[in-house]
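Written out below as structure tokens is the structure these notes cover.
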Amino acid sequence: MTARPDAPLKVTGRATYALDNVVEGAAHGYLVLSTVARGELASMDVEAVRAAPGVLAVYTPFEPLPLHPVNSALLGRMWLPLQDKDVRYHGQPIGFVVAETFEQARDAAALADVAYHERPAATSFSDGLTSAVDAQPAASEAPPSLTVLADGVASIEDALEASDVTIDATYETAAQNHAAMEPHSALAVWSGGELTVYAGNQAPHLVASDLASAVDVPVDAVHVENPVVGGAFGGKATSMPALLASAAAVALDRPVKAALTREQVFTATANRPATRQRIALGARRDGGLVAVRHDSWSTTTREIGFVEPTSHGTSREWYTTENLAISQKAVPLDVPPATFMRAPGEAPGSFALESAVDELAEAIGMDPVALRLRNNSTAPPGEDLQWSSKHLDECFEIGAARFGWADRTPGGRRDGDWLVGMGTATAMFPGLRFPATVGVTLHDDGTADVATAGADPGTGLLGVLRIVGAESLDVPQDRVVPRLGDSRLPPGGLSGGSTATASAGSATMVAASTVIEQLVALASSEEGPLRGHDVGYAHGTVYALDAPERDPMTFGDVLRATGRSTLSATGTTAPGEETTKHSFGSWGAQFCEVRVHRLTREVRVSRLLGVFDAGRIINPRTARGQLAGGMIWGVSAALHEGIEFDDDGRMSRRDLADYLLPVNADIPDVDVQFVEHPDTLLSDLGARGLGEIGIVGVAAAVANAVHNATGIRVRRLPIRIEDLLEDG
Amino acid sequence: MNIALEINGTTEHLDVAPGVTLLDALRERLGVTGPKKGCDRGQCGACTVHIGGRTALSCLTLAATVTQPVTTVEGLSTPERLHPMQRAFAEHDALQCGFCTPGQIMSAVAAADRGLAEPDEIREFMSGNLCRCSAYPTIVAAVRDGASEEGRADATV
């Protein structure tokens, strides 16, 4: 078990987040947001803003800050603020005020007098269903609809009709905001033709490329630093303040700091969209699935953009079924943009699918764990590529025993005024890798750097680099210095898609073995201390294979003997032919106990257990943190979080008092267990991702437990007290 | 207006507008950036400091109104030695992204000062400090351990 390398900085207040950088002469920027949900800007009277104390510049679509088109590697063609007069949603950035101090910028921004040509806005999901269109699910090559039918079956409807037992229900999940504790923020410094930007993000090398395009300077003149990131969860692939601060720093030729207020974070970034899902399941009396139908709707902007892939992310792959039909539609609305948020697709999709499986278990009269294992898949339906390493059955067996699942009774139990119920669900997240390059540098003082651009927004990647680096170099961990969060380091370690450990970890192994080869060659070369010998490497030392009497030399000794201070190599890995041979995924079994008060209908989660099959676990300590955190996100989706819009299209609940997140008193002890089966078919490292799977299935496990406790099936998140009133 | 603030044992003189919060004065004027701005309206706890030995939300406190000594997370440790609560947070991995951690630790020290030891008491007391990474279970463990260690440290004095 390894402590986070950055823990000493984080507990003493010395970790430097974007806005903790203090530079002389920094000006402060403040955003102005739209106050209607749809229309066009008629005018912006900013004379009073300009005249306010300390104001240096005011940028609006009428006097824009120059920004050039950006084709982002992560997000595609990016919308750029202040470049046009269209208002697409309430809370869209429409102005940027720069002043000497934060207070001056904020107070001046409030003086802007904005007039709109307002048009009727559509922000209601249910009203918008009639305008739904087929849509490509996010991060997928798949068509919106996909059907797999057994020989001789004409349609999914026929397959459902021919089933002994069917259930058919519609589920809804609320839109959500990532709500990382660090609001999006940046300090941009323009000096000598170089732009340095301090901004929390998930991949500094990619953000540097986006910013270079936006401000039209060469990419090697842009330097992005994010040594620590105050949470991301998919929401920091880009940063509005970084864009605006960078352009303003260039325009004004002085450093500019900018941050979103907490209220602005809710609309000036992007959210997880709301979803609606209809699921029909058909099964035989023995529980065998005959047909799975999963139709999904996701809210989107009018330009569509990101579509939450709920059925493609779950029913497409999770269970063995003879017949499968899934579809994806978008419901375009005048709402803030949508984007990836922790387990995009899988999180809301699993609420629907795993609730439906629970409903089917009840209809058949079968134990929910047994039903899931009865339909355990060896490959995605209709595909030949078997799962590389899947131990879901083991997860459920261990979990059921540990949780006391055998004590569950169909009607729950009573404990005084509390109705107590248990629920379970499957969790799954694909096993992915992205291309990554890692540099390993040996130093003559006997230490080694392991470096990649990347980010550790709390995920533990910094510790993973130290552990894998030490293991690959065969040296103690305290000799390895992991480095992340700098666009000038080798490109890799993107924090997204639960890919960083498998990607950067395997690249570290390649870089380490390459630098060891170079070291051995150096030691036995003409200039080397072991010239003429056959040389080997073990335990961080070089030794002569043919002269065992000679003392082994550390790599520091070899470097000093050859007059070098460092020796470096990079290693690059990328997904390869393994993807043509197997399907990859992490799996888990979630268990939840809830207590519902007989009279007040308050729901308390009293126990949570997750048992996960995520391949090799590199650092159990930080892995537990990721998974427990994800599980608590699942509780939050089930009982707390939800974005709503007022009738005029304004987002309500735009702060941390109204947008409910769990606090410490809402959360019980969380039990996280692993079944460790290294997945060496995915990479030599054997690890799959685990940053996202923790959330998957939890909301369904909560809802299933609520049903077990009360007999009430809630098919809409978040579950509210009014959903549980007897006559509700 | 000219004000004097005692921050972590050092008296600082500065000229601020009356509307400047203690949080912004610390961060932007004095370079004391441990306290964080997570919401700027007293809803998240990331800016928690001690004023006169009591926890306070520095984002809801105007700098000009502060007359008692202020302690931030930086003031708990010396370069050589972590405060027992800081060590407990690191050892229990009671953090992920770390952004809320300075505020969590200031509240945790206050919990220990009150002698809170039962997990439910600690959960309740710590509920003004949001952690979106949701390290809540390990935070509870760290507060218990840090408090007992603090007690032991006091006993040896």
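Adding -39500 (n - 2.57) for every DSSP H run of four residues or longer, then dividing by how many residues chain B holds, sets the calculated 222 nm ellipticity at -9500 deg cm²/dmol. Here the Kirkwood formula puts the hydrodynamic radius of region A:436-574 at 15.1 Å, using every distinct Cα pair. Loop-located GluC sites (Glu not before Pro) in region B:70-157 (DSSP state not H, G, I, E or B) with no more than 15 neighbouring Cβ atoms inside 10 Å: B:Glu80. Mean partner shielding of peptide A:98-109, defined as the number of other chain Cβ atoms within 10 Å of each residue Cβ, is 2. Neighbours of B:Arg27, meaning other residues whose beta-carbon lies under 15 angstrom from its beta-carbon, give a summed charge of -2 when Lys and Arg score +1 and Asp and Glu score -1. What is the sum of charges, Lys and Arg at +1 and Asp and Glu at -1, for the other residues whose Cβ falls under 11 Å from the Cβ of A:Arg293? Neighbour charge sum, excluding A:Arg293 itself: -2. Candidate membrane-span-like segments in chain A, meaning DSSP H helices with Cα atoms spread over at least 20 Å of their own axis and a Kyte-Doolittle mean of 0.5 or above, are A:500-523, with no membrane implied. Ellipsoid fit via the Cα gyration tensor, region A:499-640: semi-axes of 53, 17, 13 Å, each the root of five times an eigenvalue, largest first. Each semi-axis of the equivalent ellipsoid for chain A is √(5λ) with λ an eigenvalue of the Cα gyration tensor; in descending order they amount to 42, 38, 22 Å.
Whats the longest run of chain A with zero GluC sites (Glu not before Pro) that are DSSP loop and have at most 16 other Cβ atoms within 10 Å? Of all site-free stretches, the longest is A:142-302.
Leaving out ligands, DNA and RNA, what percent of the accessible area of region B:84-156 is carbon and sulfur, probe 1.4 Å?
48
Taken over the alpha carbons of region B:84-156 as equal point scatterers, the Debye sum produces base-10 log I(q)/I(0) values at 0.14, 0.19, 0.27 Å⁻¹ of -0.34, -0.63, -1.29.
The Cα atoms of region A:1-111 give a gyration tensor whose axes a ≥ b ≥ c have a/c of 1.5 or more with a/b no greater than b/c, which makes the shape oblate. Taking the DSSP beta bridges with both ends in region A:298-424, the antiparallel portion is around 60 percent. Normalised by the number of residues in region B:84-156, the mean separation of alpha-carbon contacts (under 8 Å, six or more apart) gives a relative contact order of 51 percent. Considering only alpha-carbon pairs that sit under 8 angstrom and 6 or more positions apart, the relative contact order computed for chain A is 15 percent.
Summing Lys and Arg as +1 and Asp and Glu as -1 over all other residues whose Cβ lies under 13 Å from the Cβ of A:Leu353 gives a net charge of -1. Comparing the full protein assembly with the isolated chain (1.4 Å probe, heavy atoms, ligands and nucleic acids excluded), the residues of region B:88-124 losing at least 40 square angstrom of accessible area are B:Ala90, B:Asp93, B:Leu95, B:Gln96, B:Cys97, B:Phe99, B:Arg123. Seen from a random direction on average, the alpha-carbon convex hull of chain B projects onto 9.0 square nanometres.
Per residue, how large is the accessible surface of region B:2-75? Use a 1.4 angstrom probe and give square angstrom.
Working: 2940 Å² over 74 residues.
Here the per-residue accessible area is 40 Å².
Remark: chain A carries 35 Å² of accessible area per residue (probe radius 1.4 Å; ligands, DNA and RNA excluded). Placing a pseudo-label 7 Å from each Cα along the Cα-to-Cβ vector at A:Glu383 and A:Ala73 gives an inter-label distance of 2.5 nm. First compute the accessible area of region A:344-443 with a 1.4 Å probe, then give the percent of it belonging to carbon and sulfur atoms. That share works out to 49 percent.
Taking amide H as placed 1.01 Å from N in the peptide plane, the amide H of B:Arg132 sits under 5 Å from that of A:Met181, each at least 5 places away or on another chain. Of the trypsin sites (Lys or Arg not before Pro) found in region B:81-157, those that fall in a DSSP loop while having at most 15 other beta-carbon atoms within 10 Å are B:Arg81, B:Arg114.
The helix-only estimate of mean residue ellipticity at 222 nm for chain A, built from DSSP H runs of length n ≥ 4 each weighted as -39500 (n - 2.57), is -7500 deg cm²/dmol after division by the residue total. For region A:161-252, a/c is not less than 1.5, where a ≥ b ≥ c are the root eigenvalues of the C-alpha gyration tensor, and a/b tops b/c. That puts it in the prolate class. Rounded to the nearest percent, how much of the accessible area of region A:162-217 (1.4 Å probe, protein heavy atoms only) is carbon and sulfur? For region A:162-217, the apolar C and S fraction of the accessible surface comes to 39 percent. Pairs to check: A:Lys10/A:Lys390; A:Lys236/B:Lys36; A:Lys85/B:Lys37; A:Lys236/A:Lys329; A:Lys329/B:Lys37. Give those whose C-alpha atoms are more than 29 Å from each other in this structure. Beyond 29 Å between Cα atoms: A:Lys10/A:Lys390; A:Lys85/B:Lys37; A:Lys329/B:Lys37. GNM on chain B, alpha-carbon springs under 10 angstrom: the most fluctuating residue among B:Asp120, B:Asp40, B:Asp145 is B:Asp120. Both the radius of gyration and Dmax for region B:2-75 are 10.8, 30 Å, in that order, over alpha-carbon atoms.
Region A:54-100 and region A:529-550 have Cα centres lying 61 Å from one another.
Here chain A is assigned +1 on the Cβ of each Lys and Arg and -1 on the Cβ of each Asp and Glu. Its dipole about the Cα centre then comes out at about 740 debye. Antiparallel beta bridges, as assigned by DSSP with both residues in region A:436-574, represent about 80 percent of the total such bridges.
Roughly how large is the B-A contact in terms of buried accessible area, totalled over both chains, probe 1.4 Å, nearest 100 Å²? That pair of chains buries around 4000 Å² in total. Comparing the full protein assembly with the isolated chain, the residues of region A:632-657 losing at least 50 square angstrom of accessible surface (1.4 Å probe) are A:Leu656. Entry note, region A:210-349: relative contact order of 23 percent, from Cα contacts under 8 Å with a spacing of 6+ residues.
Return one whole number: the accessible area per residue of region B:84-156 in Å², for a 1.4 Å probe.
33
For peptide B:5-16, the mean count of partner chain Cβ atoms within 10 Å of a residue's Cβ comes to 0.
In straight-distance terms, cross-link reach from A:Lys581 covers every one of the aspartates and glutamates whose alpha-carbon lies under 14 Å from its own, apart from those fewer than eight places away in the same chain; here that gives A:Glu383, A:Asp384, A:Asp679.
The values are calculated or read from the model by the stated rules, or taken from the named source; none is laboratory data. Since this is a predicted model, take the numbers as computed values, not measurements. Note that we place each Cβ from the backbone using ideal geometry, even for glycine, and neighbour counts take in every protein chain shown. For the accessible areas, the whole protein counts, side chains as well, though only heavy atoms, and no ligand, DNA or RNA atoms are used. Shrake-Rupley method; radii C 1.70, N 1.55, O 1.52, S 1.80 Å.
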